[in-house]
Amino acid sequence: MPYLKSFQSHTLGVAIPESGSTITVNALTKADYLVTSVNGYPNDHPFEAAHGQFSGCIMQGKLGAILKFVDCPAAFVDATPFYNSLVNPRATVTALLAATNPSRPDVLLPVFWVELKDLPDMLRQAGRLAKRIYFERGSWANLIRPGHVATDMAAANLAIQFGWRPFVSDLWKIATLQDSVEKRRKELSKLYSSKGLKRRLGLGSVQSASSGSAQVWSTHSIGATVPTRTVNQLESWGTARWKPNALPPWQPTDGELRRYLAGFSPDHILLNLWEGLPWSWLVDWFIPIGQTIQANNRTVAVPVSACIMQRRTTTTYYDARVIKAGPNDWQISSGIKKSVIHHRAVQGDTIPGYTASFPTLGANQLSILGSLFILRNR
């Protein structure tokens with residue numbers, strides 16, 4: 001059960017003209033809740049804490065001849081921080097271990113060589129575009145055939161997503177392979193040290209925004225409806241610790257490390273076969289088989305622990321409002337209500353198996369599916 005760890009309040013005065021007295025009221029402006037904390041030092045342990053900050057929404061004016069507001073802030077009766085509904089599909093232990101595993105390849109050259117069969121068509125397509133633009137002085141709009149806008153746009157999108165984009169990325173990794181060799185050698189040096197290898201990896205963030213309205217109440221239960229804007233944000237990162245699978249330390253030469261990073265090691269055969277299969281990229285959206293294969297590679301090291309950290313932030317902006325109706329003449333200023341929740345999930349030596357799910361597809365994934373649908377149904 002959550003319990004209140006600390007809070008801060010603001011003192012204010014509300015004058016009642018008939019009696020001439022002043023009622024002093026405390027309004028909550030900041031609250032901290034410790035939701036979960038399992039102390040297992042020096043091992044990683046789950047943790048969750050919630051923080052709330054509230055400012056603004058100050059009421060001034062009078063309500064008839066009965067009540068006068070003097071710097072009266074909102075009560076924020078629903079001040080307890082709460083979860084937003086955002087989900088980050090990258091924030092999983094499998095993705096973390098796959099990206100930090102010391103045995104991971106930097107580029108899969110066998111798969112790259114197989115995909116080179118598409119290079120002639122890619123070059124012919126690039127040549128036609130260059131000829132149209134440079135020699136014929138055509139604009140980008142002229143590259144799309146009249147009556148074939150949807151199919152031409154879909155074909156261009158797939159050519160970029162599955163042709164030029166991965167091709168250029170693999171070429172860059174091959175060109176900078178020597179830099180990767182030096183980085184991996186430093187990782188191996190840390191791995192065989194007394195503390196082992198600890199990696200911190202950013203898992204990205206997602207954000208959403210919405211508009212609406214909310215009731216803002218004073219500390220005397222008098223309120224008004226004001227427009228609001230809410231911004232939800234989820235930031236994720238992870239840490240993983242690895243220890244060597246066996247001793248003595250593995251001390252490869254530069255040539256051995258280059259072959260290992262290029263995916264020519266026997267323990268990379270299964271990953272090469274999977275990535276070389278048609279439509280494996282689509283399956284990985286629902287069942288992360290590629291990540292699971294890479295995360296379960298125990299040739300060099302084994303995971304000691306893995307943690308996924310998330311910071312959920314929800315900020316609601318309240319607009320100002322002026323109310324004039326007969327004897328009522330008062331206003332409420334703009335305000336902000338912010339909720340921040342820190343969460344740490346812990347995973348031990350075990351790795352999740354194959355679990356299927358329907359992920360939240362992003363704009364890039366939806367564009368690929370839409371392009372495939374258009375070309376298959378033309």
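In contact (Cβ under 8 Å) with a residue 40 or more places away in the chain, assigned to a helix (DSSP H, G or I) and not β-branched (V, I, T), is that true of Q294?
Details: in contact (Cβ under 8 Å) with a residue 40 or more places away in the chain: yes; assigned to a helix (DSSP H, G or I): yes; not β-branched (V, I, T): yes.
Taking the combined requirement at face value, the residue satisfies it.
One residue alone among D267, D254 is closer than 21 Å to L96 by Cβ, acidic (D, E) and out of contact with any Pro (no Cβ under 9 Å at 6 or more places or on another chain), and that residue is D267.
How many residues are under 19 Å from Q53 (Cα atoms) and touching a Pro at 6+ places or on another chain (Cβ under 9 Å) if we restrict to region 318-332? Spell out how you get there, then give the answer.
Of all residues in region 318-332, those under 19 Å from Q53 (Cα atoms) come to 318-320, 332.
If we keep only those that are touching a Pro at 6+ places or on another chain (Cβ under 9 Å) as well, we get 318-319.
Number of matching residues: 2.
Restricting V216, V206 to those that are β-branched (V, I, T) and under 17 Å from S334 (Cβ atoms) reduces the list to V216. With respect to the conditions (1) exposed (fewer than 14 other Cβ atoms within 10 Å of the Cβ); (2) over 25 Å from Y83 (Cα atoms), K198 lacks only one, and its number is (1). Set side by side, the residues L372, L361 differ, and just one is more than 27 Å from T225 (Cβ to Cβ), modelled with pLDDT under 70, touching a Phe, Trp or Tyr at 6+ places or on another chain (Cβ under 8 Å) and of a type in the set (A, V, I, L, M, F, W, C), which is L361.
Only one of Q291, Q251 is surrounded by fewer than 17 Cβ atoms within 10 Å (Cβ to Cβ) and touching a helix residue (DSSP H, G or I) at 6+ places or on another chain (Cβ under 9 Å). Can you tell me which?
Values: Q291 fails: surrounded by fewer than 17 Cβ atoms within 10 Å (Cβ to Cβ).
Just a single option satisfies the conditions, and that option is Q251.
So, of the residues in region 247-283 that are within 15 Å of R185 (Cα to Cα) and of a type in the set (F, W, Y), which turns out to be modelled with the highest pLDDT? Steps first, answer last, please.
In the first step, residues of region 247-283 are kept if they are within 15 Å of R185 (Cα to Cα); the result is 249-262.
Going one step further and asking which of them are of a type in the set (F, W, Y), we end up with 250, 260.
Numbers: W250: 83, Y260: 87.
Here the residue is Y260.
The values are calculated or read from the model by the stated rules, or taken from the named source; none is laboratory data. Everything numeric in this text was worked out from a predicted model, so none of it was measured. When we count neighbours, we look across all protein chains shown, and the Cβ atoms used for this are built from the backbone with ideal geometry, even at glycine.
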